[in-house]
Structures are given as C-alpha cells and as structure tokens.
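The values are calculated or read from the model by the stated rules, or taken from the named source; none is laboratory data. Since this is a predicted model, take the numbers as computed values, not measurements. Don't worry about glycine lacking a Cβ; one is built from the backbone with ideal geometry, like all the others, and counts go over all protein chains shown. These area figures cover heavy atoms from the full protein model, side chains too; ligands, DNA and RNA do not enter into them. Shrake-Rupley method; radii C 1.70, N 1.55, O 1.52, S 1.80 Å.
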Amino acid sequence: MDTKKSVLEKMSSQELEKYIKPGSEFVPQAVQFAYEILQARGRKFSDEELTDITSRTTDINKEKTIVIHPNHTRASQIMYLCGALGIGSIILNYEQFSSGMAIFIGMATLAFIFGMGYLIGKGNEIAKYILIVTFILGLFGIPSMLANLAFYPLLGIISIIQTLLQLWIIILLIRIPKNKVA
C-alpha cells in the first residue's frame, strides 16, 4: 500500500496522533509520514514514543534486496538460447508456416520460451515447476523429433539440442538451495 505524504499533511494534528499511537494498525510509511509532519509542526516526542515509532518504521528504512541465485541467471540465459534456436528452426522450416494457425502456435511457443526465461531470470520459483511439467509433456513429442531427424536432419538436431538444454535448465533450477538468502 502506498501512502501519500500530501494527503496526511492536510490532516489536523489530532488526526495524525492516531497514526503514531501505540498499537495503531497503519502502515509503517504512514506512521513515518505522520511523525515527520507532527515533528515539523513542533510536536515533541518522549523517548518511549520515539522508540515505538522507530520500531514500527524500521522496515521501510531497510533497503529491499532480492538475491537471485547464479543458477537462475544461467538457466535464464540458456532458456533464451532455446528461444533463439526456436527462431532458427522457424526460419529453416518457413514453408510449414503457411497457415495462420501454424504462425500463431510458433509465435506463442516463442513467447512462452522467452517469458519463461524472463521469469526464471527474476528468480520465480513457480517457473521451475511450469518448466518441469511442460518438459514432461514435451517428451511425448520424441517421435516427432525422431521423424524430424530423419526427414529434416538440421531441424531434428535443433530439437534435440533444445530438449537437452531444457533438461540442463531443470537440473540447474533443482540444484538451487531452498533458502537462497545471502
């Protein structure tokens, strides 16, 4: 929840006192703003009040950092490589993309791959499970992959490389410890 200081500045000192009262359920940023406004208006605070206000507003003063495990970064880069290989296979296989539905499926697949790369790079844990499920579902396409290998060797090789890269991504993501706090 975002608190605007300008809204609080329009309030009377009596209304602002409710914000700094011990046990009030206002967000820390609102308590901090109310304290600053009251202080600017000349209100003196006791040591007990200062301790209470400080304890309730310390969270907003801490810099929020998100630690992303290096495996997330590696896995994300590899996923982008899979997307680039997908673009290459679409270019090599352009004659099969004559219908609107084929183009839509190809673009949706690329969007999914690059989207997963983005989510993985941000440290999203759900992306790992989505990738595992889609990888398992993709294993049903092995006969198609082998057919591509027989009739279009380059496309078959690209498909096999993409599958192996995705397996590598899953291994990297699984090896990330549960408590990745630095």
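Just one of the numbered conditions (1) open to solvent by 70 Å² or more (accessible area, probe 1.4 Å); (2) among the hydrophobic types (A, V, I, L, M, F, W, C); (3) farther than 30 Å from I157 by Cα; (4) touching a residue at least 24 places away in the same chain (Cβ under 8 Å) is not true of L38; which one?
(1)
Which condition number does G23 fail, the rest of (1) at pLDDT 85 or above; (2) among the small types (G, A, S); (3) more than 30 Å from T163 (Cα to Cα); (4) exposed (fewer than 15 other Cβ atoms within 10 Å of the Cβ) being met?
Single failed check for G23: (1).
When both residues are 6+ apart or on different chains and their Cβ atoms are under 8 Å apart, which pairs have a first residue that lies in the range 131-156 and is open to solvent by 70 Å² or more (accessible area, probe 1.4 Å), and a second that is not in a helix (DSSP H, G or I)?
Y152/N93
Take the range 85-112 and flag every residue that is of a type outside the set (V, I, T), over 14 Å from S159 (Cβ atoms) and surrounded by 12 or more Cβ atoms within 10 Å (Cβ to Cβ).
Step one: list which residues in the range 85-112 are of a type outside the set (V, I, T), which gives 85-86, 88-89, 92-102, 104, 106-108, 110-112.
Going one step further and asking which of them are over 14 Å from S159 (Cβ atoms), we end up with 94-95, 97-102, 104, 107-108, 110-112.
Result: F97, A102, M107, L110, F112.
State the number of residues belonging to the range 114-127 that are in a helix (DSSP H, G or I) and either open to solvent by 20 Å² or more (accessible area, probe 1.4 Å) or hydroxyl-bearing (S, T, Y) (or both).
Let us first name the residues in the range 114-127 that are in a helix (DSSP H, G or I), namely 114-121, 125-127.
Next cut, either open to solvent by 20 Å² or more (accessible area, probe 1.4 Å) or hydroxyl-bearing (S, T, Y) (or both) only: 114-115, 118-119, 121, 125-126.
Total satisfying the criteria: 7.
Which one of the conditions (1) among the hydrophobic types (A, V, I, L, M, F, W, C); (2) within 24 Å of S76 (Cα to Cα); (3) at pLDDT below 95 does A111 fail to meet, given that it meets all the rest?
Failing condition for A111: (3).
This table checks each residue for (1) of a type in the set (A, V, I, L, M); (2) modelled with pLDDT under 85.
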{"site": "M1", "(1), (2)": "yes, yes"}
{"site": "Q14", "(1), (2)": "no, no"}
{"site": "K18", "(1), (2)": "no, no"}
{"site": "E36", "(1), (2)": "no, no"}
{"site": "H72", "(1), (2)": "no, no"}
{"site": "Y80", "(1), (2)": "no, no"}
{"site": "G83", "(1), (2)": "no, no"}
{"site": "I90", "(1), (2)": "yes, no"}
